[in-house]
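Notes to accompany the following structure.
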Amino acid sequence: MDSQKTKRWTKGYDLRVVVFEDSHWRKLHPLTELRPVWEMSFSMGRLSDRLRRALPNVSWWPRPELRDICKGPLFNPEDTGDEPLLLVNGTIREPETLVERVTLGRKGEEVYANGEERCLIWAHLEAGEAKEILGDIRPSDPGFIERFLGGERSRMSDSPGVYRYPWELVEGNADALRRDFAAFTKSNSGRRRKIGVQGDPELVFIEQGALIERGVVFSTAQGPIVVAAEAEVHAPSRIEGPCYIGPKTIVDNAQIRPGCSFGRNCRIGGEVEASIFADHVNKHHYGFMGHAYVGEWVNLGAGTTNSDLKNTYGEVRAHTHCGRVPTGLVKAGCYLGDQVKLGIGTMIGTGISIGPFANVFGSPPVNGYVPPFSWGSYGGFESYEPSKALAVAQIVMARRGVELTPEYRRLVEGYASSR
């Protein structure tokens, strides 16, 4: 939403926006075990960036175990205040269109229904009822949705409206990159350079401080390209839009196909197609990753390659912690949680999920779900002791100048003990 729309939306009406995560965060495993849903990487940043850009006066309502690591301001359900609240699901697909669907000053909510599954997309609560509805329950509790079902105020949505599985984020990333390009370039300093561009050079935006070597080729045939500040793109690399290359990320001798987002301080080589890489991912060597979501601090050993297409060209049924789940997609890759380490030559089957802190090496092809804190070869895993996993994480993070904080350590230890 632009500033003028924001002013018109809030004019004469004191309103707080509270972004929450509901009980369906588990379906986004392995991406959300160690972060709230709105901190998942997407498009040109994170879901939280899109929410802040679209909505005013945002505060965050995470699961209790995540409060110590969350950036504020945080919402306290025991102190709802005197103003009305707009509750917004942290996985909403298009927060910029929410304004057009919400009528201020009226009670209302929008609920997404998919068979027997229900989830709240947004709800408008008056000051008096906010304390009554929110005071004794958390959105991450399964019973939370029951408070918003039925009655005249509920609007049943005829579209999903929210992201429910990792492959939905991957599938929606290319369109989001195209939509977000104008807003990103408007709010950031940089310039468009006519350096080896095949297509419209106005669709290549290079932030100040980024390095582009001679011999790099950009193609905007399918969408725009953004190279953020202090990123480096080395020759010979070919970058096809839509694509976002985050701050301090180094792309070296790579073939980047359309629909890719790379977070902060990544190392990218080889071939990548239609994938989201969170911050601090190391894929500096040859190998292919396609239609994948790769969490923070993941290391992909040389030659690591995943499959994103079945030999039958049929629908991919993803391997998840809840069993096999139909994706509705012909192309679906792999989904790697934070701090995953994959040894050289690792082969990953179609639709595979690997839980946080798994360390896989010397394995036959990975063809099923890999639980968190797994150690060894697929089919013969041992348990990876959390203390040893954290010791490795501390070394890896220090190499990029990042501290492993006591809060993060407690979160990982608590997560490991709760499994």
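Given the range 195-293, what strands (runs of 3 or more DSSP E) lie entirely inside it while holding 2 or more residues that are closer than 22 Å to G333 by Cα? Talk me through it step by step, then tell me what you get.
Details: elements: 204-207, 217-219, 225-227, 232-234, 238-240, 243-245, 250-256, 260-262, 267-273, 288-290.
In the range 195-293, the matching strands (runs of 3 or more DSSP E) lie at 238-240, 243-245, 250-256, 260-262, 267-273, 288-290.
For the range 147-177: of the residues being of a type in the set (D, E, K, R) and under 13 Å from the mean Cα position of the chain (by Cα), which is farthest from K27 (Cα to Cα)?
Residues of the range 147-177 of a type in the set (D, E, K, R): 147, 152-153, 155, 158, 164, 168, 171, 175.
Remaining after also requiring under 13 Å from the mean Cα position of the chain (by Cα): 164, 168, 171.
Values: R164: 6, E168: 11, E171: 16 Å.
It comes out as E171.
Can you tell me how many residues in the range 351-373 are surrounded by fewer than 22 Cβ atoms within 10 Å (Cβ to Cβ) and under 17 Å from T320 (Cα atoms)?
Here the count works out to 5.
Looking only at the range 398-419, how many residues end up being under 19 Å from W375 (Cα atoms) and among the hydroxyl-bearing types (S, T, Y)?
Going through the range 398-419 one residue at a time, the tally reaches 3.
One line per residue, one yes/no per condition, for (1) of a type in the set (A, V, I, L, M, F, W, C); (2) crowded, with 22+ Cβ neighbours inside 10 Å:
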| site | (1), (2) |
| --- | --- |
| S275 | no, yes |
| H285 | no, no |
| G295 | no, yes |
| K310 | no, no |
| I348 | yes, yes |
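Scan S374, S363, S387, S418 and give me the residue that is of a type in the set (S, T, Y) and closer than 21 Å to P166 by Cα. Steps first, please.
Values: S363 fails: closer than 21 Å to P166 by Cα; S387 fails: closer than 21 Å to P166 by Cα; S418 fails: closer than 21 Å to P166 by Cα.
Answer to the check: S374.
Looking only at strands (runs of 3 or more DSSP E) that lie completely in the range 102-174, which have at least 2 residues being out of contact with any Ser or Thr (no Cβ under 7 Å at 6 or more places or on another chain) and either at pLDDT 75 or above or over 27 Å from G328 (Cβ atoms) (or both)?
Filter on the range 102-174 gives 117-125, 154-157.
If you check G246, G223, G263, which single one turns out to be within 16 Å of A174 (Cβ to Cβ) and touching a residue at least 24 places away in the same chain (Cβ under 8 Å)?
Details: G246 fails: within 16 Å of A174 (Cβ to Cβ); G263 fails: within 16 Å of A174 (Cβ to Cβ).
Exactly one of G246, G223, G263 is within 16 Å of A174 (Cβ to Cβ) and touching a residue at least 24 places away in the same chain (Cβ under 8 Å), namely G223.
Any chance the range 178-192 includes a residue that's in contact (Cβ under 8 Å) with a residue 60 or more places away in the chain, in contact with a strand residue (DSSP E or B) (Cβ under 8 Å, 6 or more places away or on another chain) and either surrounded by 13 or more Cβ atoms within 10 Å (Cβ to Cβ) or part of a loop (DSSP other than H, G, I, E, B) (or both)?
Checking the range 178-192: at least one residue is in contact (Cβ under 8 Å) with a residue 60 or more places away in the chain, in contact with a strand residue (DSSP E or B) (Cβ under 8 Å, 6 or more places away or on another chain) and either surrounded by 13 or more Cβ atoms within 10 Å (Cβ to Cβ) or part of a loop (DSSP other than H, G, I, E, B) (or both).
Report yes if F381 is over 17 Å from W167 (Cα atoms), aromatic (F, W, Y), touching a residue at least 24 places away in the same chain (Cβ under 8 Å) and surrounded by fewer than 20 Cβ atoms within 10 Å (Cβ to Cβ), otherwise no.
Answer is no for this residue.
The values are calculated or read from the model by the stated rules, or taken from the named source; none is laboratory data. These numbers were taken from a predicted model, which means no experiment stands behind them. Here Cβ is always computed from backbone atoms with ideal geometry, including for glycine, and neighbour counts include all displayed protein chains.
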